[in-house]
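*Asks:* Sharing a structure below in structure tokens format, with a few things to ask.
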Amino acid sequence: MVRPAPRFVPRRALGRTGFEATRLGIGDLADRQLSLETCVATLRRALDAGLNVVDTAPSYEQGYSEEIVGAALRGRGDSVFLIDKIDHLDRPVGPQIDDSLRRLGLRSVDLFAFHDVSTPDAWARLLAAGGAWDELGECVRQGKARFRGLSSHHPEVLRSALQGGGCDVVLFPVGPFCDRRYLEEILPMARARGAGTVCFKAFGAGKLLGDTEGYGRPLPPAAGSALPRLPVEECVRYTLTADPDVALLGMSSPAEQDEAWAAAERFRPLSPREMDEVRSRAADAVRGKGGVWWNPAAS
């Protein structure tokens, strides 16, 4: 049987990693209410469409995401760039990495990133002499990962990490309701320093698309009609206009995949005026939907 041509093809190198990445990446899709076979099939559907960057973490459904990813990637060789995380910033790095590799059923991944390093103090502790950042470097030297990086919800942490020069890839928010510093400072700085950029929160943890406090948690019952929303296509257009190396989207079902993929295929850049208009509508869409943890106050 001849497979149809993939819908997506590699677009450009993911920073200095040299890996040719597709415009879209595949975010966490683990759901313990669904069978392993169903989740694996959903991920493989995205891989068959040509998407070649996959992100996971131990904390995504208590390791279930890593099990799904490991099963889905078997037989794919080196055609996929796999990102995994180190969740516990205050624990030894090596055992965490070994546990992740065991769940994945792999001997190594492309990138291990410290997960949610979202205060300057937390980053400073990782950088301390002989600390976790050095431990991750040793794991890279041992061949358990090819590159190292971090995921952060704080522009100042990202700025410091990029200035230090040791981050191969940075993961951070870029979307219609994300701190402008990510877009105007961190993206250009990462490009200038050769760090790959993988950006999330295009949908604001779901707040921009529906009545939720984030990640599917429904808002308390309230009188009146649904709160304002943004369409998927507008969120995708905004993030793709910002032009990170990879826009990481959560696509947990074939229907969600198809909607996001269609938006990416129809993509045309927004003008600066249109970007401002989308940001204004996004501010209305998140109001009353709980905290926005990815936008720290400017210091």
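*Asks:* Can you name the residue in segment 116-137 that is in contact (Cβ under 8 Å) with a residue 40 or more places away in the chain and out of contact with any Leu (no Cβ under 8 Å at 6 or more places or on another chain) and is also nearest to residue 154 (Cα to Cα) among such residues?
*Replies:* First pass over segment 116-137, keeping only residues in contact (Cβ under 8 Å) with a residue 40 or more places away in the chain: 117-118, 120, 132, 135-136.
Next, only the ones that are out of contact with any Leu (no Cβ under 8 Å at 6 or more places or on another chain) stay: 118, 120, 135-136.
Values: 118: 5, 120: 8, 135: 23, 136: 21 Å.
Ranking the candidates gives 118 first.
*Asks:* Condition first: crowded, with 18+ Cβ neighbours inside 10 Å and hydrophobic (A, V, I, L, M, F, W, C). Now tell me which residues in segment 69-79 satisfy that.
*Replies:* Here is the first cut: in segment 69-79, the ones crowded, with 18+ Cβ neighbours inside 10 Å are 69-70, 72-73.
Across segment 69-79, the qualifying residues are 69, 72, 73.
*Asks:* From the list 159, 102, 181, 146, exactly one residue is outside any helix (DSSP H, G or I), at pLDDT 95 or above, over 14 Å from residue 55 (Cα atoms) and of a type in the set (Lys, Arg). Which is it? Spell out the reasoning first.
*Replies:* Working: 159 fails: outside any helix (DSSP H, G or I); 102 fails: outside any helix (DSSP H, G or I); 181 fails: outside any helix (DSSP H, G or I).
Of 159, 102, 181, 146, the one residue that is outside any helix (DSSP H, G or I), at pLDDT 95 or above, over 14 Å from residue 55 (Cα atoms) and of a type in the set (Lys, Arg) is 146.
*Asks:* Here is a follow-up. Considering each residue of segment 181-195, count those that are surrounded by fewer than 21 Cβ atoms within 10 Å (Cβ to Cβ), among the aliphatic types (A, V, I, L, M) and in contact with a Lys or Arg (Cβ under 8 Å, 6 or more places away or on another chain), and give that number. Please lay out each step first, then the result.
*Replies:* Narrowing segment 181-195 to residues surrounded by fewer than 21 Cβ atoms within 10 Å (Cβ to Cβ): 181, 184-185, 188-189, 191-194.
When the remaining residues are screened for being among the aliphatic types (A, V, I, L, M), the result is 189, 192.
After this cut, where a residue has to be in contact with a Lys or Arg (Cβ under 8 Å, 6 or more places away or on another chain) as well, the list is 189.
Within segment 181-195, residues that are surrounded by fewer than 21 Cβ atoms within 10 Å (Cβ to Cβ), among the aliphatic types (A, V, I, L, M) and in contact with a Lys or Arg (Cβ under 8 Å, 6 or more places away or on another chain) number 1.
*Asks:* Checking the conditions here, which among 29, 43, 51 is crowded, with 23+ Cβ neighbours inside 10 Å, over 30 Å from residue 121 (Cβ atoms) and modelled with pLDDT under 95? Please lay out each step first, then the result.
*Replies:* On the way: 43 fails: modelled with pLDDT under 95; 51 fails: modelled with pLDDT under 95.
Selected residue: 29, the only one of 29, 43, 51 that is crowded, with 23+ Cβ neighbours inside 10 Å, over 30 Å from residue 121 (Cβ atoms) and modelled with pLDDT under 95.
*Asks:* Select from segment 43-82 the residues that are among the small types (Gly, Ala, Ser) and in a loop (DSSP other than H, G, I, E, B) and list them in ascending order.
*Replies:* Listed by number, the residues that qualify are 49, 50, 57, 59, 63, 75, 77, 79.
*Asks:* Here's a follow-up. When residue 151 is evaluated against the numbered criteria (1) free of Cβ contacts under 8 Å to residues at least 60 places away in the same chain; (2) in contact with a His (Cβ under 6 Å, 6 or more places away or on another chain), which criterion, by number, is the only one it fails?
*Replies:* Failing condition for residue 151: (1).
*Asks:* Also, I was wondering about something else. Report yes if residue 224 is under 21 Å from residue 291 (Cβ atoms) and modelled with pLDDT under 95, otherwise no. Reasoning before the result, please.
*Replies:* Working: under 21 Å from residue 291 (Cβ atoms): no; modelled with pLDDT under 95: yes.
So residue 224 does not fit the description; no.
*Asks:* Say whether the condition of being at pLDDT 95 or above and under 23 Å from residue 180 (Cβ atoms) is met by at least one residue in segment 123-135.
*Replies:* Yes - at least one qualifying residue is present in segment 123-135.
*Asks:* Moving on to the next point. Going by the conditions given, is residue 9 in a loop (DSSP other than H, G, I, E, B) and either of a type outside the set (Asp, Glu) or loosely packed, with under 15 Cβ neighbours inside 10 Å (or both)?
*Replies:* In short, yes.
*Asks:* Assess whether residue 117 counts as being under 14 Å from residue 88 (Cα atoms), under 19 Å from the mean Cα position of the chain (by Cα) and not basic (Lys, Arg).
*Replies:* Yes: the conditions hold for residue 117.
*Asks:* While we're on this one: Looking at segment 128-143, which of its residues are buried (at least 16 other Cβ atoms within 10 Å of the Cβ) and either assigned to a strand (DSSP E or B) or hydrophobic (A, V, I, L, M, F, W, C) (or both)?
*Replies:* Just the residues of segment 128-143 that are buried (at least 16 other Cβ atoms within 10 Å of the Cβ), to begin with: 132-133, 135-136, 139-140.
Within segment 128-143, 132, 133, 136, 139, 140 meet the criteria.
*Asks:* For segment 191-203, how many residues are assigned to a helix (DSSP H, G or I) and in contact with a helix residue (DSSP H, G or I) (Cβ under 6 Å, 6 or more places away or on another chain)? Quick ask: steps written out before the conclusion?
*Replies:* First pass over segment 191-203, keeping only residues assigned to a helix (DSSP H, G or I): 191-193.
If we keep only those that are in contact with a helix residue (DSSP H, G or I) (Cβ under 6 Å, 6 or more places away or on another chain) too, we end up with 193.
Counting residues in segment 191-203 that are assigned to a helix (DSSP H, G or I) and in contact with a helix residue (DSSP H, G or I) (Cβ under 6 Å, 6 or more places away or on another chain) gives 1.
*Asks:* Just to verify a result, which residue in segment 223-271, among those that are of a type in the set (Phe, Trp, Tyr) and more than 19 Å from residue 28 (Cβ to Cβ), is surrounded by the fewest Cβ atoms within 10 Å (Cβ to Cβ)? Don't jump to the end; show me each part of the working.
*Replies:* Filtering segment 223-271 down to residues of a type in the set (Phe, Trp, Tyr) leaves 238, 261, 267.
If we keep only those that are more than 19 Å from residue 28 (Cβ to Cβ) too, we end up with 238, 267.
Numbers: 238: 26, 267: 15.
For segment 223-271, the residue satisfying everything is 267.
*Asks:* Give the number of residues within segment 204-231 that are out of contact with any Asp or Glu (no Cβ under 6 Å at 6 or more places or on another chain) and part of a loop (DSSP other than H, G, I, E, B). Before you say what the answer is, go through the steps one by one.
*Replies:* Within segment 204-231, the first condition is being out of contact with any Asp or Glu (no Cβ under 6 Å at 6 or more places or on another chain), and the residues that meet it are 204-218, 220-225, 229-231.
Among the residues that remain, those that are also part of a loop (DSSP other than H, G, I, E, B) are: 207-211, 215-216, 220-225, 229-231.
Residues in segment 204-231 being out of contact with any Asp or Glu (no Cβ under 6 Å at 6 or more places or on another chain) and part of a loop (DSSP other than H, G, I, E, B): 16 in total.
*Asks:* Could you list, in sequence order, the residues of segment 180-214 that are of a type in the set (Ser, Thr, Tyr) and either within 23 Å of residue 111 (Cβ to Cβ) or in contact with a Phe, Trp or Tyr (Cβ under 6 Å, 6 or more places away or on another chain) (or both)?
*Replies:* Let us first name the residues in segment 180-214 that are of a type in the set (Ser, Thr, Tyr), namely 182, 197, 212.
Selection gives 182, 197.
The values are calculated or read from the model by the stated rules, or taken from the named source; none is laboratory data. The structure presented is a predicted model; accordingly, all values stated were derived computationally and were not measured. Because the Cβ atoms are built from the backbone with ideal geometry, glycine has one as well, and the counts that use them run over all protein chains shown.
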